[in-house]
């Protein structure tokens, strides 16, 4: 049985599953679906055509399903979908999609979104991500599984960040970051691999050596990048992580690939 505070406002048409808690002064719109066991603490706004999976915890002043921050939006019935078991902290914002962007903003399961982080319209966010305080996605971004985005970091629209990548705090990401990559900087550059994250996910010493060797050959080898990339295509058979990186690079469209700084600039 759901527990709804007397001060909360639930619009007719909203779907509230068993075991949902809706705290004081929350507002839930008529096209909202909330899964079993989800908890809205207080002063939470859930609007638009929004579905929230089971067992999420949503803290005060979060705004979910609000209109996209896009001048072309005309109140179309676009959607926001949030998966299972997410923790959404204070003042987090997530917008519905736009027609031109496919009409859907999708957030995966078990994400941890710290205070004031933002998911823009038409973004696709994977499972098990962590967004630190005020981490911000522009529209149409694609974020893989198990990505960490540091505090006060902004990701430009249409940027892709591959699975298990880590973005340092106070960074500006304007280009695609490979899976397992580590990026940092005001105009973020690639600064190696997320080795700590890979170790936490039980990469063996042998696997780490293979992927790091591949990375060094691709990004720091002799000759042109395109030639090195072509020469390393056969490396995809050596390890699934290498295959994933090569597939990610091949799938790039809107943004350039995030690259290391030239050696001459590393110590500026």
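So how far, in whole Å, is the C-alpha centre of the range 125-182 from the one of the range 51-73?
19 Å
Quantify how much of the Cα-Cα distance distribution of the chain extends past 29 Å, in percent. Mind showing how you got there, number by number?
On the way: 13107 of 35778 pairs.
Everything past 29 Å amounts to 37 percent.
With the crude spin-label approximation of a point 7 Å out along Cα→Cβ, what separation in nm comes out for residue 12 versus residue 69?
3.5 nm
Which order results if 173, 44 are arranged by neighbouring Cβ count within 10 Å, fewest first? Don't skip to the answer; put the middle values down first.
Details: 173 29, 44 25.
Fewest to most other Cβ atoms nearby, the residues stand as 44, 173.
So what's the angle, to the nearest 10 degrees on a 0 to 90 scale, between helix 205-220 and the longest Cα principal axis of the chain?
Between the helix axis and the principal axis of the chain, the angle is about 70 degrees.
On C-alpha positions alone, give me the angle between the axis of helix 240-250 and the longest principal axis of the chain, in degrees, nearest 10.
Once rounded, the angle reads 80 degrees.
Kirkwood hydrodynamic radius (Cα pairs, Å) of the range 112-268? Walk me through the numbers on the way to the answer.
Working: mean 1/r = 0.0636 Å⁻¹.
In the range 112-268 this quantity evaluates to 15.7 Å.
If you build the Cα gyration tensor of the range 3-140 and take the root of 5 times each eigenvalue, what three semi-axes come out, in whole angstrom, biggest first? Could you put the intermediate results ahead of the total?
Numbers: eigenvalues 91, 58, 33 Å².
They are 21, 17, 13 Å, listed from largest to smallest.
For residue 187 and residue 212 in one chain, what is 0.36 nm times their gap in residues minus the Cα-Cα distance, to one decimal in nm?
Numbers: separation 25, 0.36 × 25 = 9.00 nm, distance 2.36 nm.
Full-extension gain reported as 6.6 nm.
Listing 118, 156 from the residue with the fewest other Cβ atoms within 10 Å to the one with the most, what is the order? Present the calculation step by step, with values, prior to reporting the outcome.
Numbers: 118 21, 156 18.
Neighbour counts put them in this order, fewest first: 156, 118.
What Kirkwood Rh does the range 1-82 have if only Cα atoms enter the pairwise 1/r average? Answer in Å. Provide the component values of the computation, followed by the final result.
Details: mean 1/r = 0.0794 Å⁻¹.
After inverting the mean inverse Cα-Cα distance, the result is 12.6 Å.
Please give the per residue volume of the convex hull enclosing the alpha carbon atoms of the range 198-265, rounded to a whole number of Å³. Walk me through the numbers before you get to the answer.
Numbers: hull volume 8.1 nm³, N = 68.
Measuring per residue, one finds 119 Å³ for the Cα hull of the range 198-265.
At each listed q (0.12 Å⁻¹), what is the log10 of I(q)/I(0) that the Debye formula gives for the range 74-125 modelled as equal alpha-carbon point scatterers?
So the normalised log intensities are -0.25.
If each of residue 250 and residue 90 carries a label point 7 Å out from its Cα toward its Cβ, how far apart are those two points in nm?
Label-label distance for residue 250 and residue 90, simple model: 4.7 nm.
Where a number appears in this text, it was derived from the coordinates with a stated rule and is not lab data. For clarity, every value in this text was computed on a predicted model and none was experimentally measured. Neighbour counts are summed over all protein chains in view; Cβ atoms, including those assigned to glycine, are modelled from backbone coordinates with ideal geometry.
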